[in-house]
């Protein structure tokens, strides 16, 4: 199997990423990655992206300019990361999730399928949302621009986080409200 990026890349990436047979990836020459990185088919990885060790990137993922993905992460199919995102270590982002430009996700967190972490208000003001360490964001959750989800917080499926939440517990609803404080993560 040929381990080089395929497609219309601007140059060879450094490291030892493994590509699936028949892949058609667009990979920039400045893409840097660690050991045991697996990249699916039809991915777009732009300039100045850094990916840590033992990362799995599924098919049809886009990682734009200046983003960082920490070691041990698993990125599901059709995930879209925004420019200058910071994804911590051991984060799992499930299929069809959107992490907008400038958003930071803390270590050991989980972002469910179809979750959307926003960065801009309707008037165009750039206010990236933020997710703390060991957080669990359920399927279909919206985190509004500027809202922060603190450490050790669970946000239930379909919830809408309209403001920053920091008290450890389970939040559900639209808007997301604290429902339980006794959780074991």
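So here's what we get for this one:
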| read-out | value |
| --- | --- |
| Residue within the stretch 93-105 that is modelled with pLDDT of 95 or more, surrounded by fewer than 18 Cβ atoms within 10 Å (Cβ to Cβ), out of contact with any helix residue (DSSP H, G or I) (no Cβ under 8 Å at 6 or more places or on another chain) and on the phi < 0 side of the Ramachandran plot present | yes |
| Residue 157 being modelled with pLDDT of 95 or more, farther than 21 Å from residue 56 by Cβ and either surrounded by fewer than 18 Cβ atoms within 10 Å (Cβ to Cβ) or touching a helix residue (DSSP H, G or I) at 6+ places or on another chain (Cβ under 9 Å) (or both) | yes |
| Hits in the stretch 131-185 (condition: part of a loop (DSSP other than H, G, I, E, B) and within 16 Å of residue 120 (Cα to Cα)) | 144, 145, 146, 147, 162, 163, 164 |
| Condition met for residue 108 (within 21 Å of residue 150 (Cα to Cα) and at pLDDT 95 or above) | yes |
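For every residue, the table says whether it meets (1) in a loop (DSSP other than H, G, I, E, B); (2) touching a strand residue (DSSP E or B) at 6+ places or on another chain (Cβ under 9 Å); (3) modelled with pLDDT of 95 or more; (4) over 21 Å from residue 131 (Cβ atoms).
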| site | (1), (2), (3), (4) |
| --- | --- |
| 24 | yes, no, no, yes |
| 29 | yes, yes, no, yes |
| 42 | yes, yes, no, yes |
| 47 | yes, no, no, yes |
| 83 | yes, no, no, no |
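The values are calculated or read from the model by the stated rules, or taken from the named source; none is laboratory data. In this text the structure is predicted, and so the values were computed from the model without any measurement. All Cβ positions, even for glycine, are placed from backbone atoms using ideal geometry, and neighbour counts span all protein chains on display.
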